[in-house]
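Chemist: Structure provided below as structure tokens; questions to follow.
The values are calculated or read from the model by the stated rules, or taken from the named source; none is laboratory data. None of the values given here were measured: they were computed from a predicted structure. Backbone-built Cβ (ideal geometry, glycine too); neighbour counts: all protein chains shown. Heavy atoms of the whole protein, side chains included, go into the accessibility calculation; ligands, DNA and RNA do not. Shrake-Rupley method; radii C 1.70, N 1.55, O 1.52, S 1.80 Å.
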Amino acid sequence: MAPPVSENAGVLEEYRIGVGDALDINVWRNPELSVSVPVRPDGKISMPLIGDIDAANLTTRELSDNIVKGLTNYVRSPQVTVIVTNPSSSDFQRRVRITGAVNNPQSIPYREGMTVLDLVLLAGGTNEFASGNGAKLYRKINGTVKVYSIRLNDLVNKGDVSTNYPLQPSDIVTVPERAF
């Protein structure tokens with residue numbers, strides 16, 4: 001099977017605001033309308049004059065446009081900037097995981113440049129029951145999960161880096177146990 005595709009793995013095409021994110025909303029020349037707010041569990045934020053407004057699943061541009069529409073009755077030509085100051089909703093979407101016959105199964109934040117070997121080392125290596133050459137990488141591509149074989153024993157013991165794939169957010173590596 002061909003190696004997994006991974007282009008711009010660490011870069012999102014467009015960030016969507018999520019529940020729990022912290023936002024700074026700046027209304028130019030209107031400091032009393034500028035606020036720092038969290039996105040509530042219902043996906044909304046509260047703004048002076050316009051009250052509750054949907055924020056979850058919008059881009060910063062879309063939210064800014066919606067706030068401008070809400071303020072036009074109160075402010076002449078409002079200029080609104082939305083900045084995501086803490087993108088906490090993306091934490092679990094942008095993790096890599098390793099499970100199975102490893103010493104310390106992990107779910108860790110994705111970092112640019114991570115490889116299968118990095119993840120295995122962070123998990124403390126394989127345990128004595130591992131079938132390393134039967135390991136698999138699960139990657140969701142365009143809504144479909146693709147499975148790639150990893151020859152972990154060959155990678156760790158023989159230096160064969162042919163299956164030391166670069167990781168991307170949401171990847172899962174599983175290491176099965178040997179059949180006795």
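Chemist: Based on this model, can you work out whether residue 39 counts as more than 30 Å from residue 173 (Cβ to Cβ), open to solvent by less than 80 Å² (accessible area, probe 1.4 Å), touching a residue at least 40 places away in the same chain (Cβ under 8 Å) and more than 16 Å from the chain's Cα centre (by Cα)? Even if it seems obvious, please write down each step before you answer.
Modeler: Numbers: more than 30 Å from residue 173 (Cβ to Cβ): yes; open to solvent by less than 80 Å² (accessible area, probe 1.4 Å): yes; touching a residue at least 40 places away in the same chain (Cβ under 8 Å): yes; more than 16 Å from the chain's Cα centre (by Cα): yes.
Yes.
Chemist: Let me ask something else. Of all the residues that make up the stretch 46-69, how many are open to solvent by less than 60 Å² (accessible area, probe 1.4 Å) and more than 14 Å from residue 26 (Cα to Cα)?
Modeler: Count: 7.
Chemist: Ok, one more. For the stretch 111-130, state whether one or more residues are among the acidic types (Asp, Glu), open to solvent by 60 Å² or more (accessible area, probe 1.4 Å) and touching a Phe, Trp or Tyr at 6+ places or on another chain (Cβ under 8 Å).
Modeler: no
Chemist: What number of residues within the stretch 71-106 satisfy the criterion of being within 21 Å of residue 15 (Cβ to Cβ) and modelled with pLDDT under 95?
Modeler: Residues in the stretch 71-106 being within 21 Å of residue 15 (Cβ to Cβ) and modelled with pLDDT under 95: 10 in total.
Chemist: Is one or more of the residues making up the stretch 48-70 within 15 Å of the chain's Cα centre (by Cα) and either in a helix (DSSP H, G or I) or farther than 30 Å from residue 133 by Cα (or both)? Let's see the steps before the verdict.
Modeler: Step one: filter the stretch 48-70 for residues within 15 Å of the chain's Cα centre (by Cα), giving 57.
Going one step further and asking which of them are either in a helix (DSSP H, G or I) or farther than 30 Å from residue 133 by Cα (or both), we end up with 57.
Yes: one or more hits.
Chemist: Related question: Only one of these is within 16 Å of the chain's Cα centre (by Cα) and closer than 25 Å to residue 13 by Cα: 110, 148, 165. Name it. Outline the logic, then answer.
Modeler: On the way: 148 fails: within 16 Å of the chain's Cα centre (by Cα); 165 fails: within 16 Å of the chain's Cα centre (by Cα).
Only one candidate qualifies: 110.
Chemist: Scan 156, 173 and give me the residue that is over 30 Å from residue 58 (Cβ atoms) and either outside any helix (DSSP H, G or I) or under 25 Å from the mean Cα position of the chain (by Cα) (or both).
Modeler: Values: 156 fails: either outside any helix (DSSP H, G or I) or under 25 Å from the mean Cα position of the chain (by Cα) (or both).
Checking each option against the conditions leaves just 173.
Chemist: Hey, can you tell me all the residues within the stretch 151-165 that are open to solvent by 60 Å² or more (accessible area, probe 1.4 Å) and small (Gly, Ala, Ser)?
Modeler: Selection gives 162 alone.
Residue-wise test of (1) acidic (Asp, Glu); (2) touching a Leu at 6+ places or on another chain (Cβ under 8 Å); (3) free of Cβ contacts under 8 Å to residues at least 24 places away in the same chain.
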position	(1), (2), (3)
83	no, yes, no
89	no, no, no
92	no, no, yes
128	yes, no, yes
133	no, yes, yes
142	no, no, yes
163	no, yes, no
177	yes, no, no
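Chemist: Pull up the stretch 16-36, narrow it to residues that are in a loop (DSSP other than H, G, I, E, B), open to solvent by 30 Å² or more (accessible area, probe 1.4 Å) and of a type in the set (D, E, K, R), then point me to the one that is nearest to residue 92 (Cα to Cα).
Modeler: The extreme case among them is 16.
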